[in-house]
Amino acid sequence: MKGGVGGEVAEAPAGPPPPLEWKFSQVFGERTAGEEVQEVDIISAIEFDKSGDHLATGDRGGRVVLFERTDTKEQVGSRRELERVDYPVSRHPEFRYKTEFQSHEPEFDYLKSLEIEEKINKIRWCQTANGALFLLSTNDKTIKYWKAICTDCLQNNCLIVYVSHVQEKKVKKISEMNIDPSKVAGNGSIASSSLCSSPKQCLANGGCGDKAYSSLSNDLSFPPEGIPSLRLPMVVVLLTYYIMFVYDADDMSSLSIYSLLVTSNETSLLARCRRVYAHAHDYHINSISNNSDGETFISADDLRINLWNLEISNQSFNIVDVKPSNMEDLTEVITSAEFHPTHCNTLAYSSSKGSVRLIDLRQSALCDSHSKLFEEQEAPGSRSFFTEIIASISDIKFAKDGRYILSRDYMTLKKTIQTEAVVLHSLRDTALLPILWDINMDSGPVSTFQVHEYLRPKLCDLYENDSIFDKFECCLSGDGSRVATGSYSNLFRVFGCAAGSTEATTLEASKNPMRRQVQTPSRPSRSLGSSLTRVVRRGADNAGVDANGNSFDFTTKLLHLAWHPTENSIACAAANSLYMYYA
C-alpha cells in the first residue's frame, strides 16, 4: 500500500492463527462405568491413510480394525445443491466401522524359548490400486502385507481378479403375516392346505363366517364380497452368504477362498494377507515406514534397520547396523525410524540418547555414517540419574513437506527445521517434551514444547512403577502449523507451531474434551531476528496435580494418536476406546 509521500509501506505481518476450538465427534468401543478392560482389546496403533478417508487401528490381541469415512459420500443431485458446492459446508468428519481381521497370532520361538506376542506395534497404509486398499502391520517379529477388497467389487467382478465361481446361499424368513392374533384359532398356526368351509368357524386369516359362502371347491370357499383381511406374507432375506473362489490378477497361482457374509446392503471389506516378512529381526520391531516410491519399506528394531521390497518377502537388505562387536559396549539403541515423505533416498531414525540421524541411501549400501545429526547439548549441571532415560526419543514424524521433523521424548516435543544459513542456539529443560526439528539445521530444535513438566518431581515414582518407560507418540497437522501428543490421565495436548503462537491446549479423551480444560500460561516466544523462532512452552509446575489442576493417574495414559492428513481432526486411543475430535 502507498503512503502519503508516494512511498510504499510494507503491510504488517499477519499474526499467529487463533487457538482451535476442539469438539467431540464420535467414539468407538466406549466403556461403561466400572467396565473392566480386557488386555487384548487395548488399542496399540492408529493410522490414517493419505486421503483421510480410511482409518486403521491395531490392538494387543493382534486384530486390525478398519474404519471408513461416510460424511464425504453424500450424493449431490439437484442444481441448487450443485450451486451450494461452491460454499463451504460446515460438517465434521464421521467414520463407520468397516471390517476387522486377525492380523497376528501368538507364536513361540523354540530356538530362543521366547513367546512372541500378537500385539500390533505399527500400522502403515500403502498405495491403493484397482480399488483395493493395502496396508502393513507388524508385531515384535513379523510384518504382514494386507490387501482389503470391497465386497461389492468382488460380487460385481469389477476388480482385476478372476472369480472362478461363486456359491450363493440366502437365509429367508417371513417377517409379516398381518394376522390378528386374537382371532386366530388354536395356537395361531396358519392353515396349510385349506380353509374351513363351516359358516361359523374362524378362518386362519382371522375372518369369521357369518354369511353364506359360494363354494369354489370342497376344500376352499370365499365370501361373496371377498376377504379384505387376507394379505400375502412378506418374505425378507436375512443374510446372503457367498463362498468365492478368487484368483488374484497379481498372482494367478494364488487361489483365495473368501467366505463372505452380507447382512445388509452396505458394502464391507475382505482382507487377505499377500506377503509375510519374517525372520529378519533378532530384536523387537519398533517401526515400519513405507517409501514414497511405493515399492519399498523399512523395518527397524533396537539395533538394525532393514530395507524390503513389497513384492519380495524372503529377502531384505540391512542398511543400518549399530550393534557393536561386543555387546558390553552398547550405549544406545534405535527407537524409531521414518522415511522422508517425498525423497525416496532419505530417512531418519532416533536413538535412546535423544538424537535424530538423517541418512542418505545414495551414500553407501550400509549407512554406518549419517549425513546429519540432530541433538542438543546438555545444560551444565543438569545431569541426573534420569537424564538418559527421559531423553530417549519414543517417536519421530516428518512434516508433510519433509522439511520439519517432530520428535517426542518422555518430557517434551521438539521441532527441527533445515536452513543451513541460520544457526539457532538454545538450551532445553530435559523435561517431557515434543520437539520440532528443521532438517537443514542441526544445531538445535526450532521449537520445544513441554508436555507435562509437573511430573518432574515425580520421576522417582515414575521409575518405580515403570511409567517412565512409556512410549508416547506424536503427530503433526497436515499444514504443519500444529503438533499433538498424549499424556497421563487420558489427556492429550495440542501446540501451535506458527511464529508467535502461544497455543497450548489440553484436552481429555472423553465426550467432553474441554471438561478439565484450563488454559496453561505459555512463555512468550523469543525472536531470533528471522522467521524462525525458538519456543518453549511450559505446563503447570505443581507436583501434585496435572496441567488442569487434577490429580494425575499413571494407569490411564494416551499413548497413540493420529492427525487427519488434510483437516483438523484427531483420532486418539484411550485403552480400548477410539475417540475422534474435530475443530
*Matching option when the condition is open to solvent by less than 40 Å² (accessible area, probe 1.4 Å), part of a strand (DSSP E or B), out of contact with any Asp or Glu (no Cβ under 7 Å at 6 or more places or on another chain) and farther than 19 Å from ARG482 by Cα, among LEU413, LEU347, LEU358*: LEU358
_Taking the conditions exactly as written (surrounded by 15 or more Cβ atoms within 10 Å (Cβ to Cβ) and outside any strand (DSSP E or B)), does LYS353 satisfy them or not?_
no
*Residues of region 119-137 being β-branched (Val, Ile, Thr) and either touching a Pro at 6+ places or on another chain (Cβ under 9 Å) or part of a loop (DSSP other than H, G, I, E, B) (or both), which ones?*
ILE120, THR128
_Pair list, Cβ < 9 Å and 6+ apart or interchain, from region 443-462 residues that are under 28 Å from ARG403 (Cα atoms) to residues that are modelled with pLDDT of 90 or more and open to solvent by 10 Å² or more (accessible area, probe 1.4 Å)_ = VAL446/TYR404
*Look through region 474-497, keep the residues that are over 13 Å from PHE449 (Cβ atoms) and over 18 Å from the mean Cα position of the chain (by Cα), and return whichever of them is most open to solvent (accessible area, probe 1.4 Å).*
ASP479
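Let's see how each residue does on (1) in contact (Cβ under 8 Å) with a residue 24 or more places away in the chain; (2) in contact with a Ser or Thr (Cβ under 6 Å, 6 or more places away or on another chain); (3) closer than 19 Å to HIS281 by Cα:
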| site | (1), (2), (3) |
| --- | --- |
| ASN306 | yes, yes, yes |
| PHE317 | yes, no, yes |
| SER352 | yes, yes, yes |
| ASP360 | no, yes, no |
| ILE389 | yes, no, no |
*Looking at this structure, is LYS471 open to solvent by 10 Å² or more (accessible area, probe 1.4 Å) and in contact with a Phe, Trp or Tyr (Cβ under 7 Å, 6 or more places away or on another chain)?*
no
_Test: SER394 is at pLDDT 90 or above and open to solvent by less than 10 Å² (accessible area, probe 1.4 Å)_ = no
*Residue selected from region 40-74 under the condition of a type in the set (Lys, Arg) and under 23 Å from LEU476 (Cβ atoms), by the criterion surrounded by the fewest Cβ atoms within 10 Å (Cβ to Cβ)*: LYS50
_Given the criteria touching a helix residue (DSSP H, G or I) at 6+ places or on another chain (Cβ under 7 Å) and either open to solvent by 10 Å² or more (accessible area, probe 1.4 Å) or closer than 21 Å to ALA278 by Cβ (or both), does LYS323 qualify?_
no
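The values are calculated or read from the model by the stated rules, or taken from the named source; none is laboratory data. Since the structure is predicted, the reported quantities are computational estimates derived from the model, not experimental observations. Cβ atoms come from the backbone with ideal geometry, glycine included; neighbour counts cover every protein chain shown. Please note that ligands, DNA and RNA were not included when accessible areas were found on the heavy atoms of the full protein model with its side chains. Shrake-Rupley method; radii C 1.70, N 1.55, O 1.52, S 1.80 Å.
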